[in-house]
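Any read-out appearing in this document is the output of simple, stated calculations on the displayed coordinates, not a laboratory observation. Quick caveat, the model's predicted, so the values are computed rather than measured. Cβ placement follows ideal geometry from the backbone for every residue including glycine, while neighbour counts extend to all protein chains displayed.
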Amino acid sequence: MKKLWKGNEAVAEAAIAAGCRCFFGYPITPQNEIPEYMSRRMGEVGGSFVQAESEVAAINMVYGAGGAGARAMTSSSSPGISLKQEGISYIAGAQVPCVIVNMMRAGPGLGGIQPSQSDYFQATKGGGHGDYHMLVYAPSGVQEAADLTYKAFDKADKYRSPVMILGDGMLGQMCEAAEIPPARQLKDLPEKPWAASGNGGKAQRIINSIYMSPDTLEAHNRELFDIYAEMEKETAWEEYKTSDAEIIVVAYGTVARIAKAAVNSSRENGIKVGLIRPITLYPFPSKAIADAAQKRSVKCVLTVELSMGQMVEDVRLAVNGRKPTPFFGRTGGNVTTPQEISAQIKANGEKYGAKSAAAKEK
Amino acid sequence: MAEYKKPEMLTDTPFHYCPGCTHGIVHRLIAEAAEEVGASKDAIGIAPVGCAVFAYNYFKCDMLQAAHGRAPAVATGVRRARPDNLIFVYQGDGDLASIGMAETVHAATRGENITVIFINNGIYGMTGGQMAPTTMAGQKTTTSQSGRDVKTHGNPIKICELLATLDGPCYIARTSMHDVKHIRETKAAIVKAFKKQQEKKGFSLIEILSTCPTNFHLSPKASLDYIRDTAVNFYPLGVFKEI
């Protein structure tokens, strides 16, 4: 049944529905509703909530609980996610499944508490030290945030990898009607024969990321990247009104919704514009973007982000010089508007020869 | 007559530790203590960063290797996932008392039901003998080459005294490895801590004064004598808290 959910609370309840019974948090705006909600709910479902002494401790608690076989989660916002990077690197190296939520705020440094998308590089390119990646989901609304959080636990177990939910302060704080997926029975969750849960005298299980032999470590890193290659099939994106488009807008998360409004109003003015919305940021929907850019009708691919330009680098790699790839971003916690994006659509359309953009407004 | 044999909980892998280092003996004591309380097979250990980083090669139980200083946080996570297993955390002085101080103090004050085995030899062993948070005044290390001067290097930390002020711990004790009598006392302290953990009494920590002959630049015997004659004077042995 649909109910009115705040984004942060929907993420928390979806995690519990997915079988998460260990949550480790630390206060930081704008994600505080997640630890607050978990502190209430974990007791009711027989789980464990710890308000850790720091984000550093919280991610290492996730490493311990996930390494011992539990479905574990932590949440934070940008500066706190920076603190977790050491632990995330260890978790990726030791192949511990877990879910990490980042409700992004503006940076760098302490920055501000308003929405931002400036942790894209950190989320998709590694963030911590060493060769690794993780599956990164970018929900654009409360229902999708709940659905992707629920799914993230299954994918984390499947690939034995951390999975990140990359939202922003807007998503965390907004209220929308949403339905939480059905609660999982813990007994139905996949078995974890690799987990360090106490072996009863049988074969030892070790959770670690240290390999002193370069050959062994190289083989381990290659295995991780084989898993990332396998993960390619999780690539997800949404295409909106792209079939006849002369201008393709690429935007993710909450910004994609604002961009969708701009696409609709531009269409009302006769401009043939469509939207590609990456749902996974890693793996990135490069092929979908490349295929769109390839079309003769497409004149340019416009990336819109709440940053100084991060995802645009992946868009440019995907387009690979086939078409112009302009960028429009707001930063510092400022949120863009449909009007701003519409103006960008029209200006770039005119500049790069989209006939529908050059025509007089209806 | 008692039969002398290797504890079941230890593997056949030879210890990689330097001659005269007391890590190997402490590993054995942990294994003997875990067997004595009947929990060796389902024990879960947390290995630190430092010379004992490969501790999982010597124990047969499941183990997790933690980032530098984070072992008590990792153990907290394991405890929340596994309420009933015996959990031991193995840490050195740099790991526990410097980079991991926040995790140490907060696991202790939460009363997290885990046992921390704290190896205090007053020096960073694996990285080559640098000054530790527990290096004593006057002690020479590679980063206090004329001896620790508390005016410039600051003072060493007494962990047992500090943790004993908290409400969470059920057992805080300092022992030494410098002779057979004290090794036996160390084992008795570990057994006591494990039993308290089984009774779910909360956080326990045994600080064990240990040697590092390689970085002390002393022979194994002279290292033990150094603990007996010098370290125990600054780090008094005994039970600092017991509930």
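Being under 23 Å from A:Phe49 (Cα atoms), surrounded by 24 or more Cβ atoms within 10 Å (Cβ to Cβ), touching a residue at least 60 places away in the same chain (Cβ under 8 Å) and more than 9 Å from chain A (Cβ to nearest Cβ): is that true of B:Thr22 here?
On the way: under 23 Å from A:Phe49 (Cα atoms): no; surrounded by 24 or more Cβ atoms within 10 Å (Cβ to Cβ): yes; touching a residue at least 60 places away in the same chain (Cβ under 8 Å): yes; more than 9 Å from chain A (Cβ to nearest Cβ): yes.
For B:Thr22, the condition - under 23 Å from A:Phe49 (Cα atoms), surrounded by 24 or more Cβ atoms within 10 Å (Cβ to Cβ), touching a residue at least 60 places away in the same chain (Cβ under 8 Å) and more than 9 Å from chain A (Cβ to nearest Cβ) - is not met.
Condition first: assigned to a helix (DSSP H, G or I), of a type in the set (Val, Ile, Thr), in contact with a His (Cβ under 9 Å, 6 or more places away or on another chain) and farther than 20 Å from B:Phe88 by Cβ. Can you find one or more residues in segment B:223-233 that meet it?
Our first condition is that a residue be assigned to a helix (DSSP H, G or I); within segment B:223-233, this holds for B:223-233.
Subset that is of a type in the set (Val, Ile, Thr): B:227, B:230, B:232.
Next, only the ones that are in contact with a His (Cβ under 9 Å, 6 or more places away or on another chain) stay: B:227, B:232.
Filter once more, keeping what is farther than 20 Å from B:Phe88 by Cβ: B:227, B:232.
Yes; the residues of segment B:223-233 include at least one that is assigned to a helix (DSSP H, G or I), of a type in the set (Val, Ile, Thr), in contact with a His (Cβ under 9 Å, 6 or more places away or on another chain) and farther than 20 Å from B:Phe88 by Cβ.
Among what's in segment B:62-90 and is closer than 21 Å to B:Thr11 by Cα and either β-branched (Val, Ile, Thr) or out of contact with any Gly (no Cβ under 7 Å at 6 or more places or on another chain) (or both), pick the residue that is surrounded by the fewest Cβ atoms within 10 Å (Cβ to Cβ). Quick ask: steps written out before the conclusion?
Step one: of segment B:62-90, the residues closer than 21 Å to B:Thr11 by Cα are B:62-66, B:85-90.
Keeping just the survivors that are either β-branched (Val, Ile, Thr) or out of contact with any Gly (no Cβ under 7 Å at 6 or more places or on another chain) (or both) gives B:65-66, B:86-87, B:89.
Details: B:Gln65: 27, B:Ala66: 33, B:Leu86: 24, B:Ile87: 28, B:Val89: 30.
The qualifying residue surrounded by the fewest Cβ atoms within 10 Å (Cβ to Cβ) is B:Leu86.
Being crowded, with 24+ Cβ neighbours inside 10 Å, on the phi < 0 side of the Ramachandran plot and among the hydrophobic types (A, V, I, L, M, F, W, C) is a description that does not apply to B:Ala55.
Which of the residues that make up segment B:41-77 are of a type in the set (Gly, Ala, Ser), more than 8 Å from chain A (Cβ to nearest Cβ) and either within 19 Å of A:Ser197 (Cα to Cα) or free of Cβ contacts under 8 Å to residues at least 24 places away in the same chain (or both)? Even if it seems obvious, please write down each step before you answer.
If we filter segment B:41-77 for residues that are of a type in the set (Gly, Ala, Ser), which is where we start, we get B:43, B:45, B:47, B:50, B:52, B:55, B:66-67, B:69, B:71, B:73, B:75, B:77.
From the residues that got through so far, the ones that are more than 8 Å from chain A (Cβ to nearest Cβ) too are B:45, B:50, B:52, B:55, B:69, B:71.
Within segment B:41-77, B:Gly45, B:Ala55, B:Ala71 meet the criteria.
When A:Ala14 is tested against (1) within 17 Å of A:Met174 (Cβ to Cβ); (2) surrounded by fewer than 24 Cβ atoms within 10 Å (Cβ to Cβ), exactly one condition is not met: (2). Filtering A:Asn199, A:Asn208 for residues that are within 31 Å of the chain's Cα centre (by Cα) and either within 13 Å of chain B (Cβ to nearest Cβ) or free of Cβ contacts under 8 Å to residues at least 12 places away in the same chain (or both) leaves a single hit, A:Asn208.
For segment B:32-51, give me each residue that is assigned to a helix (DSSP H, G or I) and buried (at least 24 other Cβ atoms within 10 Å of the Cβ). Step through it out loud before you land on a result.
Filtering segment B:32-51 for residues assigned to a helix (DSSP H, G or I) gives B:32-36, B:51.
Correct list: B:Ala33, B:Ala34.
Take B:Thr76 and decide whether it is closer than 20 Å to B:Leu166 by Cβ and in contact with an Asp or Glu (Cβ under 8 Å, 6 or more places away or on another chain). Yes: the conditions hold for B:Thr76.
Find the strands (runs of 3 or more DSSP E) located wholly in segment A:1-54 whose residues include 2 or more that are within 14 Å of chain B (Cβ to nearest Cβ), and list them. So that I can check it myself, show each step before the final result.
Values: elements: A:3-6, A:22-25, A:48-51.
So the answer is A:22-25, A:48-51.
Condition test on A:Tyr150, is it of a type in the set (Ser, Thr, Tyr), in a helix (DSSP H, G or I) and more than 14 Å from chain B (Cβ to nearest Cβ)? Full working, then the answer.
Working: of a type in the set (Ser, Thr, Tyr): yes; in a helix (DSSP H, G or I): yes; more than 14 Å from chain B (Cβ to nearest Cβ): yes.
For A:Tyr150, the condition - of a type in the set (Ser, Thr, Tyr), in a helix (DSSP H, G or I) and more than 14 Å from chain B (Cβ to nearest Cβ) - is met.
Scanning segment B:129-163 for residues that are on the phi > 0 side of the Ramachandran plot and out of contact with any Ser or Thr (no Cβ under 6 Å at 6 or more places or on another chain) yields B:Gly138, B:Gly147, B:Gly154.
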